Amino acid sequence: MDLREKRSESPAGQVRNVVKSCIEEKTNKDWIKDSGERKTDTENKKRCINAQTSQDRRRRVKKQTENKEKTIKRRRNEEEGQIEKESQAKKTSKDGRIERRRFEEGQIVKEKKGEKTSKDKKIKRRGIEEGQTEKESQAEKKTSKDARIKRRRVEEGPLQMESHADKKTSEHESYKNIQIDKENKKTTEENSKGTNIEQKEEKNKRLRSEDPLESGSIQKRPCLDIERPAPLDVNNYSFHSIVGRGGFGWVMLASFRPKKQLVAIKILTKESEKNDCHAIAKEARLLKISRECAFLCQSYAVFQSELEAFFVLEYASGKSLWKMISREGKLPTSRIRFYTAEMVVALQFLHSKGIIHRDLKPGNILIDKDGHIKICDFGMAEENIIGQRKTYGLAGTPGYRAPEILSFEDYNAGVDWWSFGVTMYKMATGVLPFSAAGSIQKQRLVIIMKPPTYPCDMNEEMLDLLPKLLEINETQRIGLNGNIREHAFYSTINWEDLENRRLETPFQPGMPSVDDFEEFPITFSRQSSSEKENLKDFSEVDPNWNWQE
Ligand code: ATP
Ligand code: MG
């Protein structure tokens, strides 16, 4: 045994060894950093001298120190991680206290910024924060009432929300809290104004119509387990049969299970060759506007899955005018007058909103259960055609396209009045006024070279009106040039009564019962809450659809 080993084995040597190892531990900067736990050198020395009598005690002390170090390190990492997320501009500092203060300041700045943004966002953010606080304070009631801890927990709220593990729960809670927040706000307002049932109903409808997956801050935190309102969940619909297959998708007779209500659902495939997302979003937008006019197809809800877009529509049980013409041939004048008068109201409404339909034809004119018409299919419609503005591009169905479309000129709402004239002619005769065969060039030449023939038994006023609609020069075409409502063909129509659906309809198809239909086995792609897979601000429910009753 050499001298160094002998020294180390001696009681004094053992003391020296323990002191040395303690000093080494103390130099670890993480350990030093925590001021609450920091021991002075003297304290450490004292502790070490006491420990020298027992090897076990020394190991215990060492273990304790290691545990403390681990806790401190973990807490510091959490804080630093949060600070980095909250403020990238902040310089990193080794002083935990300064960092903490900076973090708090960052929070305040962030909240102030939030105040400047939209009111909705503010309410949502407050909902999240208040919800978090409420959640925290409930837990605290059970444990400690220490206000300092409480404050720290509130501050740590966002940190917890960032944590992946807690993300789902937080979002779920947040959504609930936003709703509670809105409810509370509304209730306060109601208390001051005086509550009535109608207001309550309105409030419920508004809440129902919001898609939690696509609103504000929640949208930015995708989560698969948030409950959708029932009308936005494809699983709440039964599918029965295909009622229409168009150029852009297909339409199915379906029923909304909770209400056993028959609906038509138009299903479009997202990003297919024909449907780009802009066109789908536009159709949804126009369907929403259509709710303001009784003679346009009403949509109850629109929602989407990963691959499909769904338009839940009022089921027009009377089918389309195309089917009626195919079944009956030419239609009686009184019926033509009634249906086309309702079409006039619908077209004038659309044009007043700067919308041109561009695909008016008997297949897109449906009859509802009461016998009124519903113009459907806004897949080709164009928006913002206001004042002198025009659009361009080939649109519509062969045989119904206006000559200015076929000449590739710019055009406006005049094209709808042309198609309206073709539709009226078809209703009156059972055939098209111009051949739809051949190339665009050929179709255009037919219109110019071969004026339509009118049957000799055609109603006189209609005979006067049709050439005015099928006028090649769109500036001279009735609809654009003069008010069609004033034409002699409609002299017997009380427009006010007609607009309010007070006129008796030619026939009432009625609504069949859901029980008359079997379920059609069909599945769709999963519903997703991913921003990447979803069209933005797409899903919504008509606030006037009483889907809960
Ligand atoms: P197209 O390209 O032929 O114009 P599309 O794919 O754009 O068709 P729609 O025109 O909206 O689709 O619908 C196709 C057919 O589905 C209609 O002609 C009609 O027969 C039926 N249909 C559409 N909506 C409804 C509805 N709400 N109720 C009943 N049937 C409907
Ligand atoms: Mg159509």
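A short reminder: the numbers here are calculations on the coordinates, not readings from a lab. This is a predicted model, so every value here is computed, not measured. Neighbour counts run over all protein chains shown; Cβ positions are idealised from the backbone, glycine included.
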message: Report the Cα-based extents of region 361-494 along its three principal axes, largest first, to the nearest Å.
response: 38, 33, 29
task: Provide the three semi-axes, in whole Å and in decreasing order, of the ellipsoid equivalent to region 436-487 as defined by the square roots of 5 times the Cα gyration tensor eigenvalues.
output: 23, 16, 7
- line: If each K or R counts +1 and each D or E counts -1, the residues other than GLY482 whose Cβ falls under 12 Å of its Cβ total +1
- request: Rounded to the nearest Å, what's the spacing between the alpha carbon centres of region 400-427 and region 283-347? Just the number, please.
  value: 19 Å
field: Over region 266-344, relative contact order from alpha-carbon pairs under 8 Å, at least 6 apart, %
entry: 26 percent
- request: Counting other Cβ atoms within 10 Å, keep those with at most 10, restrict to DSSP loop, and tell me which trypsin sites (Lys or Arg not before Pro) in region 463-549 are left.
  value: ARG502, LYS532, LYS536
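Quick check of the Kirkwood formula: for region 417-514, what is the inverse mean of 1/r over all pairs of different Cα atoms, in Å? Working shown, then result.
Working: mean 1/r = 0.0637 Å⁻¹.
After inverting the mean inverse Cα-Cα distance, the result is 15.7 Å.
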field: Greater than 32 Å apart at Cα, pairs in LYS266/LYS450; LYS260/LYS319; LYS369/LYS450
entry: LYS266/LYS450; LYS369/LYS450
query: Thinking of region 298-431 as a set of Cα atoms, what percent of all their pairs are more than 27 Å apart?
result: 23 percent
query: What are the radius of gyration and Dmax of region 480-549, computed over its Cα atoms and given in Å?
result: 21.9, 56
- prompt: Quick one: which of 244-257, 308-321 comes out on top by average Cβ neighbours within 10 Å, and what's the full order, highest first?
  reply: 308-321, 244-257
